[in-house]
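The values are calculated or read from the model by the stated rules, or taken from the named source; none is laboratory data. Small disclaimer: the values here were computed from a predicted structure and weren't measured. Because the Cβ atoms are built from the backbone with ideal geometry, glycine has one as well, and the counts that use them run over all protein chains shown.
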Amino acid sequence: MKLFDVYPVNDITIEKALGAHLWDDKGTQYLDMYGGHAVISIGHGHPHYISRIEAQLHKIGFYSNSIHIPVQKQLAAKLGEVSRKEDYQLFLVNSGAEANENAMKLASFHTGRSKIIAFSKGFHGRTSLAVAATDNPAIVADVNKTENIIFLPYNDAEELKQFFQQHGQTVAGVIIEAMQGVGGIIEAEENFLSLTRDLCNTYGSLLIADEVQCGYGRTGKFFGTDHAGIDADIYSMAKGMGNGFPVGGILIAPHIHAKHSMLGTTFGGNHLACAAALAVLEVIQQENLIENAASTGDYLIQQLKEVEEIEGVRGRGLMIGFDLPERIKDLRKTLLSEKKIFTGEAKPNVVRLLPALNFSTEQADYFIEALKSSILSITQKQQA
Ligand SMILES: Cc1ncc(COP(=O)(O)O)c(C=O)c1O
């Protein structure tokens, strides 16, 4: 059987990984500044992560949500503590799309309304409602299209106010990324987030913070929305939550009440996923990784701003983007082929840096030197 060919792939086979490094089948070492799409939060192969998953596997890997699962309760307690959302409730799933799907469904159940506001260039996943709320017609199939999603321009306060004034009573929720990742590392302005919070309060709608990419410490605070000092009604999480183990979830504010059968899942919250997610939070806490993301991120952003050939350096913590002018549009390819560094991209010309939260200033320096040398190499080839 052949694989269904849905991804453009690099001609590289990674066989081993440790910390911020990867090795291919020929033994070549790579620096990972992409983290498999913002997933690797505590670094590859962390010993505490391995031993916690291993220990859990020796006891029980999976049983369904029809019995008590103490490791789920442990995870909820630790997540409440680290995110400072002790009074929220946790529902566990397996991916970011599923987290958003359940967040929007819950907003509709809770309010008895059907409209969800989403924003231009937002990305929320590929399941039916999540993809409908994603501003990319190329990935939305006819069966996903729905009039229940309303797209408004990101960071446009006037449009948002006007929409609420006219249709506020129909709005179940607003879904927003505090920092758009796939959209190109674009931050929601703090005033815009506060306004969204206020409008949701006024009209009885729920604020859903999609923290799948910008959450879990990536921007130097636990949630991206924390920078604006607001609380969401529902936070969706995945990616960094399991450091590669498929686990996602939603944090649900205390004023939202659960009813049996409104949400459900077979695999979500299984023993092994909870052990992985607990190990991640323990490492984040013990190794002060959120503080490290903030300080190393500041340092890297400052260093990048001094590289004249790149433009629009932006981001927070270890969620960083910059634009490539046409002349050096192949920089990512050069970084990978000549310097053995993985980076991320956002179409059409944005480089995204999403390394693990324990990325060091020494590794940042190494990257800056490699970046400068790659730009020089492109220039020399163009002049030859
Ligand atoms: C902000 C955001 N939300 C949701 C998703 C979907 O997550 P998953 O691929 O785990 O379904 C992504 C994935 O890139 C994302 O960046």
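Of all residues assigned to the stretch 231-240, at least one qualifies as being among the hydroxyl-bearing types (Ser, Thr, Tyr), within 13 Å of the ligand (Cβ to nearest atom), touching a residue at least 12 places away in the same chain (Cβ under 8 Å) and outside the structural domain of Met319 (by TED's automatic domain parsing).
Take Phe123 and decide whether it is aromatic (Phe, Trp, Tyr), in the same structural domain as Gly242 (by TED's automatic domain parsing), out of contact with any strand residue (DSSP E or B) (no Cβ under 6 Å at 6 or more places or on another chain) and closer than 26 Å to Leu357 by Cβ. In short, yes.
Could you check, for the stretch 154-174, whether at least one of its residues is at pLDDT 95 or above, under 18 Å from Gly315 (Cα atoms) and not assigned by TED's automatic domain parsing to the domain that holds Arg314? The answer is yes; a qualifying residue exists. If you go through the stretch 311-328 and pick out every residue that is without any contact (Cβ under 8 Å) to a residue 60 or more places away in the chain, surrounded by 13 or more Cβ atoms within 10 Å (Cβ to Cβ) and part of a loop (DSSP other than H, G, I, E, B), you end up with 1. In this structure, does Lys161 turn out to be among the basic types (Lys, Arg) and either in contact (Cβ under 8 Å) with a residue 60 or more places away in the chain or out of contact with any helix residue (DSSP H, G or I) (no Cβ under 8 Å at 6 or more places or on another chain) (or both)? In short, no.
Scanning the stretch 341-384 for residues that are part of a loop (DSSP other than H, G, I, E, B) and surrounded by 17 or more Cβ atoms within 10 Å (Cβ to Cβ) yields Thr343, Asn349, Leu354, Pro355, Ala356, Leu357, Asn358, Phe359. Considering the stretch 230-256, the residues that are crowded, with 24+ Cβ neighbours inside 10 Å and assigned to a loop (DSSP other than H, G, I, E, B) include one that is nearest to the chain's Cα centre (by Cα), namely Ala238.
Selection of the stretch 126-168 for residues being of a type in the set (Gly, Ala, Ser) and within 23 Å of Ala238 (Cβ to Cβ) yields Ser128, Ala130, Ala132, Ala133, Ala138, Ala141.
Please specify each residue of the stretch 257-270 satisfying the condition of being at pLDDT 95 or above and surrounded by fewer than 19 Cβ atoms within 10 Å (Cβ to Cβ). Of everything in the stretch 257-270, those that are at pLDDT 95 or above and surrounded by fewer than 19 Cβ atoms within 10 Å (Cβ to Cβ) turn out to be His257, Ala258, Lys259, His260, Met262, Leu263, Gly264, Thr265, Thr266, Phe267. For the stretch 270-302, a residue qualifies if it is outside any helix (DSSP H, G or I) and charged (D, E, K, R), and exactly one does: Glu287.
A quick yes/no check of all residues on (1) assigned to a helix (DSSP H, G or I); (2) surrounded by 14 or more Cβ atoms within 10 Å (Cβ to Cβ); (3) among the polar types (S, T, N, Q); (4) away from the ligand (no atom under 12 Å from the Cβ):
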| position | (1), (2), (3), (4) |
| --- | --- |
| Ser108 | yes, yes, yes, yes |
| Ile116 | no, yes, no, yes |
| Gly122 | no, yes, no, no |
| Arg126 | no, yes, no, no |
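Outside the structural domain of Ala364 (by TED's automatic domain parsing), surrounded by 14 or more Cβ atoms within 10 Å (Cβ to Cβ) and at pLDDT 95 or above: is that true of Thr296 in this structure? It is false that Thr296 is outside the structural domain of Ala364 (by TED's automatic domain parsing), surrounded by 14 or more Cβ atoms within 10 Å (Cβ to Cβ) and at pLDDT 95 or above. On inspection, Glu54 does not qualify as assigned by TED's automatic domain parsing to the domain that holds Ala253, within 20 Å of the chain's Cα centre (by Cα) and not polar (S, T, N, Q).
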